[in-house]
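**Student:** The structure under discussion is supplied below as structure tokens; questions concerning it will follow.
The values are calculated or read from the model by the stated rules, or taken from the named source; none is laboratory data. If you're wondering where the values come from, they're calculated on a predicted model, not measured in any experiment. Heads up, the Cβs are rebuilt from the backbone with ideal geometry, glycines too, and the neighbour counts pull from every protein chain shown. Heavy atoms of the whole protein, side chains included, go into the accessibility calculation; ligands, DNA and RNA do not. Shrake-Rupley method; radii C 1.70, N 1.55, O 1.52, S 1.80 Å.
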Amino acid sequence: MKHAVALFLAAVTLGACSMVPGGSQGNSSRQAMRPAQPAYVPTAETRQCLSQLGAADASFAPLPDKFHGAGCSTVNTVQLSALYGDDQRTLGIGNLGPVACPVANSFAGWARFGVDRAARSILGSPLARIETFGSYSCRNVAGTSRRSAHSTGNAIDVSGFVLADGRRISVKQGWSSGSPAEREFLRIVHNSACKRFGTVLGPEYNEAHKDHFHLEGGDRPFCR
């Protein structure tokens with residue numbers, strides 16, 4: 001994946017310096033007269049974020065910036081498809097769409113050093129997969145006219161966890177009705193998320209979050 005990031009950044013540079021394709025003199029002249037399309041050049045912040053995500057051995061693809069209108073956009077986002085555990089086991093991710101690169105980095109660290117370790121310690125099995133309700137969605141915060149962090153891909157909703165031994169721990173069932181170990185596990189990973197994300201909301205916040213953890217980027221610490 002480190003090589004993939006390097007190739008992506010190199011391709012951006014080469015694309016900005018590409019020549020007009022050869023052909024007849026007339027075609028070349030007409031092409032030369034057309035306004036040049038601005039090449040996509042990632043910011044230094046974006047390059048640093050992609051490099052960090054590659055160093056974490058995540059499997060991902062950078063996505064082009066898109067402005068969808070109505071206050072919704074996906075800028076500096078990636079398609080995150082898998083993570084890797086301490087022993088290079090693949091940690092799968094379900095139903096995840098475009099997600100802001102900084103949030104993807106926080107998610108990768110939380111999955112590996114928070115969730116996987118808690119699963120081993122409390123439940124006796126490594127983590128195999130994290131299930132989600134998605135990331136990007138052009139919508140408002142429930143019950144308000146304010147755009148949700150999902151409208152910019154700046155949040156992930158986690159609904160459950162699948163262990164290597166086949167057990168599935170859902171937030172909806174496990175938070176209140178799971179075994180003592182499952183309830184402890186969910187509270188530990190909820191608390192560990194609060195150390196990595198700006199806003200973390202769970203079943204005790206309100207009815208809308210009874211079945212998932214809302215993990216949101218940003219500098220404003222809020223954990224419920």
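**Student:** State all residues of the stretch 118-139 that are more than 29 Å from E182 (Cβ to Cβ) and in contact with a strand residue (DSSP E or B) (Cβ under 6 Å, 6 or more places away or on another chain); if no residue qualifies, say none.
**Tutor:** Passing the criteria: Y136, C138.
**Student:** State which residue pairs qualify: first residue touching a residue at least 24 places away in the same chain (Cβ under 8 Å) and open to solvent by 60 Å² or more (accessible area, probe 1.4 Å) and inside the stretch 69-95, second residue among the acidic types (D, E) and not in a loop (DSSP other than H, G, I, E, B) in any location, beta carbons under 8 Å apart, and separation of 6 or more residues or different chains.
**Tutor:** Close Cβ pairs (under 8 Å, with a partner that is among the acidic types (D, E) and not in a loop (DSSP other than H, G, I, E, B)) amount to D86/D116; N95/E131.
**Student:** Which one is most open to solvent (accessible area, probe 1.4 Å), of the residues in the stretch 201-222 that are without any contact (Cβ under 8 Å) to a residue 40 or more places away in the chain, more than 15 Å from V141 (Cβ to Cβ) and within 19 Å of the chain's Cα centre (by Cα)?
**Tutor:** D219
**Student:** Restricting the search to the stretch 171-194, which residues are open to solvent by 10 Å² or more (accessible area, probe 1.4 Å) and within 27 Å of T144 (Cβ to Cβ)?
**Tutor:** Matches in the stretch 171-194: K172, W175, S176, H190, N191, C194.
**Student:** State yes or no: is V162 part of a strand (DSSP E or B) and over 30 Å from H68 (Cα atoms)?
**Tutor:** yes
**Student:** So how many residues does the stretch 69-112 have that are more than 20 Å from A164 (Cα to Cα), in a strand (DSSP E or B) and not polar (S, T, N, Q)?
**Tutor:** 7
**Student:** Residues of the stretch 206-222 being assigned to a loop (DSSP other than H, G, I, E, B) and over 15 Å from G134 (Cα atoms), which ones?
**Tutor:** N206, K210, G218, D219, R220, P221
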